[in-house]
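**Student:** A single structure is presented below for examination.
The values are calculated or read from the model by the stated rules, or taken from the named source; none is laboratory data. As the structure is a prediction and not an experimental result, all values here were calculated from the model. As a convention, Cβ positions derive from the backbone with ideal geometry for all residues, glycine included, and neighbour counts pool all protein chains shown.
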């Protein structure tokens, strides 16, 4: 089933790559954010089914943005995509109840996670 997705990453190249991957899976991209702060604002207005979230961004990191989103929507579905050390940072994703933590070079695996929900 197609999902409505918000893509969050400070890299425009990465946002385009994730967009292409998700569109191949027939998902609808409802918005793109380049910062954690923008992600929180867009989440509230767009109410997506799912968020792909980068970890490191300038004004607000992805974990903080996810915490803020979860504070007003406990059922928010978030998948983290990052080049940061998976062993070190995936525990934060688990703590937040994220659907997954993928390294950016394995971003195509995101379709498997989405299809499983």
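**Student:** Answer with yes or no whether residue 79 is buried (at least 19 other Cβ atoms within 10 Å of the Cβ) and in a helix (DSSP H, G or I). Can you show your working first?
**Tutor:** Numbers: buried (at least 19 other Cβ atoms within 10 Å of the Cβ): yes; in a helix (DSSP H, G or I): no.
Criteria not met by residue 79.
**Student:** Can you work out which of the residues in the stretch 1-33 that are over 21 Å from residue 65 (Cα atoms), in contact with a strand residue (DSSP E or B) (Cβ under 8 Å, 6 or more places away or on another chain) and not in a strand (DSSP E or B) is modelled with the lowest pLDDT?
**Tutor:** 2
**Student:** Further question on the same structure: When only residues in the stretch 12-42 that are in contact with a helix residue (DSSP H, G or I) (Cβ under 9 Å, 6 or more places away or on another chain) and within 14 Å of residue 107 (Cα to Cα) count, which is surrounded by the fewest Cβ atoms within 10 Å (Cβ to Cβ)?
**Tutor:** My answer is 24.
**Student:** Any idea which of (1) farther than 19 Å from residue 113 by Cα; (2) assigned to a strand (DSSP E or B) is the one residue 57 doesn't satisfy?
**Tutor:** The failed condition is (2).
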